[in-house]
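Q: Questions regarding the structure given below will be posed in turn.
The values are calculated or read from the model by the stated rules, or taken from the named source; none is laboratory data. Just so we're clear, the structure is a prediction, and the values are computed from it rather than from any experiment. For neighbour counting, all protein chains shown are included, and Cβ atoms are generated from backbone atoms with ideal geometry for every residue, glycine included. Surface areas here come from the heavy atoms of the whole protein model, side chains and all, with no ligands, DNA or RNA. Shrake-Rupley method; radii C 1.70, N 1.55, O 1.52, S 1.80 Å.
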Amino acid sequence: MYNVGSYLAARLTQIGLKHHFVVAGDFNLVLLDQLLTNGGLEQVYCCNELNCGYAAEGYARARGAAAAVVTFSVGGLSAINAIAGAYAENLPVIMISGAPNSNDQATDHLLHHTLATHDNSYQLEMAKRVTCAAVSITSAADAPYLIDFALRAALREKKPAYIEIACNIAGAPCAAPGPISAIIAEAPSDAASLEASVAATVEFLQDKQKPVLLIGSKLRAAGAEKEAIELAEALGCAVTTMAAAKSFFPENHPQFAGIYWGEISSPGAREIVDWADAILCIGTIFNDYSTLGWTAMPSGPHVLTAQEGRIHFGGHDFGGVHLREFLSQLAREAPKKDATMVQFPRLRSEHAPAVAAAPDAKLTRLEIVRQIQSLLTADATVIAETGDSWFNGVSLKLPGGARFEIEMQWGSIGWSVPATFGYAVGAPERRVIAMIGDGSFQLTAQEVSQMIRRKLPVIIFLINNRGYTIEVEIHDGPYNDIKNWDYAGLINVFNAEDGRGLGIRVANAGELTEAIKAALANREGPTLIECGIERDDCSADLITFGRRVAAANARPPRD
Ligand code: TPU
Ligand code: MG
């Protein structure tokens, strides 16, 4: 016997979830009871709904999909920000909201948690703008169909979906789930379009000598990371990645030629892309940040763009093609073109490796990055928050197997604390390392308490430069100064009587080394290392980025 809640729980486990993130409220309590009846689906609690949404977003990065369950309106509207982020970042997060009793809909009853008007459809309407499917369930009979519809859309599109369930329907009996293949099976590419797109691409490559690959963040959403390696090896050419796609092509691969980000590319990466006579852009997103204020935007007849569902370049535009099938078919037919791989080592002028600071030397940004670098193992995932942490994180050299998570399209400060929590719940086998600025941390700090509650051995490098340094570099003013906190001391507040989190403040290189040792030894909770540095100690890349973004923002209106 199934009811709406247990049906939903069954479907969530069938799509691969072992957890769902939750904030309770009276409109979702019956639903939560039903979700709890499924032994394969653990309930994970969050401090607020914004964090709940971001925790699910982080979980989806680790496991491919996620669910966040919130209450109506007061919860749902907070979660929508994170759900919009999941849309921007191509992550299928299922937002599930409790909703008013079906008898109260379209009546003259005014309800709590609402706008005190009679139309309570506004949350559904808002959700439609930030999801690929949004449904309202007010009848148990229709629930299986509507739930399946929303889940299928999310998994296909790699975008969030929204399911609202009236509180008196959550426990009502409904049909049993049918075969899960109806939700997760994917139609193959259109055969003719696949063949034509590959043939046209082979022809495009024929008269080129110096192709490069440029990998973007939508490669993962397309499930095509393995196929990108196949194509790279068939062509034998240099492979660059965009910052948002860092780790989506292995950095220890012999053909990896660094991060392409215009003027702030890693050594040689920009030169090799500029030298190329063909740029194969795969899953790329070019926005004002990733093009450094529109100064590094590959365009022209030598650019081919391959996205999920669309391959286009000079005079061609093919649809109905899965990216992974296109890449692997192209790998079988592409000519070897390795000139960029021969040229790349000549162009690259590798920076000298950072030299260890003396133990009593005042802590610097560079020394923090150097010590984090030495922590990176094949099972490490680095999560980099907006701010100078973006640039510090992107500069790390990842060993094979290491992963990197960044939220560059949505770019919300505060994302990383709950996303790190969700990621660590989803990938307990990995060493999760977060790099977070003081300003960002202040938005969502309380979610560290959930890491403590679940005893997650996350390591947080809290970079305290006393302000919004990234904003200082874009445009300074008094609004970029923030109230200092005792960040390390906060961990004891969160520990209360039973937690095992560690908070350590460090001011020099030796203290940082000791703190990292303590963090590695602490397996029963997170360790937050508060690293105090000078306010103006930021990366040169951030300064260049800030200048370029400021110039793009300041373009005068056209007349
Ligand atoms: O390393 P640093 O100092 O740049 O990082 P921190 O301390 O985390 O400061 C980040 C400053 C920042 C702001 C205020 N970066 N972007 N913003 C704008 C912003 C405001 N609100 C949200 C939700 N997201 C934003 N990106
Ligand atoms: Mg800061």
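Q: Give the range 163-220 a look and list any residue that's of a type in the set (Asp, Glu) and crowded, with 23+ Cβ neighbours inside 10 Å, or say none. Reasoning before the result, please.
A: Taking the range 163-220 as the starting set, the residues that turn out to be of a type in the set (Asp, Glu) are 164, 186, 190, 195, 203, 207.
Hit for the range 163-220 is 164, nothing else.
Q: Further question: Hey, among 28, 48, which residue is buried (at least 24 other Cβ atoms within 10 Å of the Cβ), touching a residue at least 40 places away in the same chain (Cβ under 8 Å) and either farther than 16 Å from residue 136 by Cβ or out of contact with any helix residue (DSSP H, G or I) (no Cβ under 7 Å at 6 or more places or on another chain) (or both)? Before you say what the answer is, go through the steps one by one.
A: On the way: 48 fails: buried (at least 24 other Cβ atoms within 10 Å of the Cβ).
Just a single option satisfies the conditions, and that option is 28.
Q: When only residues in the range 448-486 that are charged (D, E, K, R) and more than 15 Å from ligand 1 (Cβ to nearest atom) count, which is surrounded by the most Cβ atoms within 10 Å (Cβ to Cβ)?
A: Among those residues, the one meeting the criterion is 454.
Q: Mind checking which helices (runs of 4 or more DSSP H) fall wholly inside the range 130-223 and carry at least 1 residues that are of a type in the set (Lys, Arg) and closer than 30 Å to residue 344 by Cα?
A: 218-221
Q: Quick one: count up the residues across the range 382-426 that are under 20 Å from residue 260 (Cα atoms), aromatic (Phe, Trp, Tyr) and away from ligand 2 (no atom under 16 Å from the Cβ).
A: 2
Q: Another question, if that's okay. If we scan the range 432-446, do we find a residue that is open to solvent by 20 Å² or more (accessible area, probe 1.4 Å), closer than 30 Å to residue 43 by Cβ, out of contact with any helix residue (DSSP H, G or I) (no Cβ under 6 Å at 6 or more places or on another chain) and within 16 Å of ligand 2 (Cβ to nearest atom)?
A: Yes.
Q: Take the residues in the range 487-505 that are assigned to a helix (DSSP H, G or I) and away from ligand 1 (no atom under 13 Å from the Cβ), then tell me which one is surrounded by the most Cβ atoms within 10 Å (Cβ to Cβ).
A: 491
Q: Would you mention how many residues in the range 451-486 are within 25 Å of residue 21 (Cβ to Cβ) and more than 11 Å from ligand 2 (Cβ to nearest atom)?
A: Residues in the range 451-486 being within 25 Å of residue 21 (Cβ to Cβ) and more than 11 Å from ligand 2 (Cβ to nearest atom): 11 in total.
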